[in-house]
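**Student:** Below is the structure I would like to discuss, written out as structure tokens.
Here, each number is a calculation from the coordinates, and none is a lab measurement. Given the structure is predicted, the values throughout are model-derived calculations rather than measurements. Here the Cβ is made from the backbone with ideal geometry for all residues, glycine too, and neighbour counts use every protein chain on show.
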Amino acid sequence: MKIEFEVLKFIRKYNMYLEEDRVLLGVSGGRDSMVMLDIMHKLKNILKISIAVAHLNHSLRDSADEEEAFVEKECRKRNIPFFSKKVDVLKYAEDNKMGIEEAARKIRYDFFNEIMEEKRYEKIAIAHYSKDLSETLLYRLSKGTGIYGVAGMLPIYKNVTRPILILNFEKLEKYVTINNVKYVIDESNYDTKYMRNKIRHEILPKFEEINIKYEEAFFRFAEITWEYRNYVEKLFDERVNIIDGEYEINIMNDFFDKEILRLLFLKLNIFPPSKEEVEKILNMKISGKRKINKLNIEKKKNKLYISKE
């Protein structure tokens, strides 16, 4: 099967795009994003969507302006609308006391959302592939996530899509060779002071020694967690009611009580409490009350009532 049609099958499996969707591609100019750009350009008529490109110039390297010009040139060759913005990410990170990676991600998504709102695009496409998924899985495990959060990097979440997530390193390289895809090299991808690079260049090669096809193995595990997440979301809708801004959770005294409580925190954009703290909340006496992360929590019989301060 041609690699682009493998991507098409993956897009359709997860219903990423509707007909006439306007999709904004986040393109840095690196190999992964240029492969995504090339594939999406080929598939847009089949999918009956329109595409455009957004490029954020982070001003972190001397070559940043050249990379911006490169992406714009490649878009012009394909007659794809191009949007760009130049930001001093280092200064932003220092001013806001943030890490460079965190600052870059925030600015990048703020820019994407700004373009989407102004130009009326419905979806964003990000060029993560299966090795990025492996990194995220290991990173989250090392930080102590649960089953719901272990994969995290979903094919589609809200308006963010990852059309080439199905591809592994070998297929990316093969696609570049067969289609003569031009791209720029980001030297920072090799700097192991960044945790994701450390995982990619020092830890994942050890997995390759155990199983040369570890990317596919991690991907299969991630697919299981995606099914699990969908099931938890379904239970959340069944067990949680919203009454005048207050959330009422029906406690069923099963394992999923914990998952639903933690999911409620996530939906409120509040970092969820630890496993131990969740158990304390669920085991409160009837009429017990707690206050966590600016949320008021009260237990009445077999229900929890949660509201913001």
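**Student:** With Cβ to Cβ distances under 12 Å as the rule, what net charge do the other residues near Lys77 carry (K, R +1; D, E -1)?
**Tutor:** +1
**Student:** Rounded, prolate or oblate, given the Cα gyration tensor of region 244-308, with a/c below 1.5 counting as rounded?
**Tutor:** Verdict is rounded for region 244-308.
**Student:** Then there's this: Once you list every other residue whose beta carbon is under 14 Å from the beta carbon of Asp95, what net charge do they have if Lys and Arg are +1 and Asp and Glu are -1?
**Tutor:** It works out to a net charge of 0.
**Student:** Additional query: When all alpha-carbon pairs of the chain are counted, what percent fall beyond 32 Å?
**Tutor:** Summing the P(r) tail past 32 Å for the chain gives 37 percent.
**Student:** For region 89-155, which trypsin sites (Lys or Arg not before Pro) are both in a DSSP coil and crowded by at most 11 other Cβ atoms within 10 Å?
**Tutor:** Loop-located and lightly packed - Lys97, Arg120.
**Student:** Here's another thing I want to ask about it. Could you put Thr177, Thr136 in order, starting from the residue whose Cβ has the fewest other Cβ atoms within 10 Å?
**Tutor:** Ranked by crowding around the Cβ, least crowded first: Thr177, Thr136.
**Student:** May I pose another question? Could I have the simple spin-label model distance between Leu282 and Leu266, label points 7 Å from Cα toward Cβ, reported in nm to one decimal?
**Tutor:** 1.5 nm
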